[in-house]
Amino acid sequence: MSAYALIVEEGTQLARRIRRGEVPMTDDDVHADRYLIAEETLTAAGFTWYEVSNWATSPAGRCRHNELYWRGADWWGAGPGAHSHVGGVRWWNVKHPGAYAQALGEGRSPGAGRELLSAEERRVERILLELRLAKGCPLELLRPAGAAAAARALEDGLLEPEPYGRGRAVLTLRGRLLADAVVRDLVD
């Protein structure tokens, strides 16, 4: 089960409607309340969180494709706007379905861009993605400022004490609500 918060993307109809005042912008406190309801309801139904926005009743019920993203493994995406990551190279296709179909019809790659991450970018991305997992991320990925921030997060009840003692940063329920802020502090 996935429960992601809505992200309003620029250039979308929703973003234009919010800007014009036709639709209210989402509220962080409402998101947090709804997350807590999802956590309580899903836990009562036998689900366990395995990623900040995902729950399953067993390891077999997890979305293995998404787990590849979060662990930095290789994966192929097909279709308009799809992203892929193989051998440390990430690339993405054009978003518009017509442009995608035209490229394929003309025998051209529908690729819109690619990037090769530096070692530092991969380290930061590992913290960002692995901290979202119930398994957490290794504290050894953190630089001194990030390690100090992790100690503060532990004191503030944002990280679980037992995994922290074993060298892993694992978010508490409160930490999951503030995951973006925790990540920001750990990578600085």
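For the stretch 45-66, the set of residues classified as crowded, with 16+ Cβ neighbours inside 10 Å and without any contact (Cβ under 8 Å) to a residue 40 or more places away in the chain consists of Arg62 only.
Taken over the stretch 43-53, the criterion of being farther than 18 Å from Arg132 by Cα and part of a helix (DSSP H, G or I) is satisfied by Ala44 alone. Checked against (1) in a helix (DSSP H, G or I); (2) out of contact with any strand residue (DSSP E or B) (no Cβ under 7 Å at 6 or more places or on another chain); (3) surrounded by 13 or more Cβ atoms within 10 Å (Cβ to Cβ), Asp29 meets all criteria but (3).
Table: residues versus (1) touching a helix residue (DSSP H, G or I) at 6+ places or on another chain (Cβ under 7 Å); (2) of a type in the set (D, E, K, R); (3) over 19 Å from Asp180 (Cβ atoms).
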position	(1), (2), (3)
Asp29	no, yes, no
Tyr35	yes, no, no
Leu42	no, no, yes
Ala45	no, no, yes
Val52	yes, no, no
Ala56	no, no, yes
Gly61	no, no, yes
Asn66	no, no, no
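Rundown of residues vs (1) within 14 Å of Arg184 (Cβ to Cβ); (2) of a type in the set (S, T, N, Q); (3) in contact (Cβ under 8 Å) with a residue 24 or more places away in the chain; (4) touching a Pro at 6+ places or on another chain (Cβ under 9 Å), yes/no style:
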site	(1), (2), (3), (4)
Arg123	no, no, no, no
Arg132	yes, no, yes, no
Lys135	no, no, yes, yes
Leu139	no, no, yes, no
Gly146	yes, no, yes, no
Ala149	yes, no, yes, no
Leu154	no, no, no, yes
Pro161	no, no, no, no
Tyr164	no, no, yes, no
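If only residues of the stretch 70-129 that are surrounded by 14 or more Cβ atoms within 10 Å (Cβ to Cβ) and among the aromatic types (Phe, Trp, Tyr) are counted, the one that is farthest from Ala169 (Cα to Cα) is Tyr100.
Residues that are of a type in the set (A, V, I, L, M) and out of contact with any strand residue (DSSP E or B) (no Cβ under 7 Å at 6 or more places or on another chain): which helices (runs of 4 or more DSSP H) entirely in the stretch 98-183 hold 1 or more of them? Give the steps one after another, and end with the answer.
Values: elements: 119-130, 144-155, 161-165, 173-177.
Passing ranges, in order: 119-130, 144-155, 173-177.
For the stretch 76-97, how many residues are of a type outside the set (Phe, Trp, Tyr), modelled with pLDDT of 90 or more and assigned to a loop (DSSP other than H, G, I, E, B)? Total meeting the criteria: 9. Out of Glu39, Glu22, Glu10, one residue alone is surrounded by fewer than 13 Cβ atoms within 10 Å (Cβ to Cβ) and under 22 Å from the mean Cα position of the chain (by Cα). It is Glu10.
The values are calculated or read from the model by the stated rules, or taken from the named source; none is laboratory data. As the structure is a computational prediction, the values presented were derived from the model and not from experiment. All Cβ positions, even for glycine, are placed from backbone atoms using ideal geometry, and neighbour counts span all protein chains on display.
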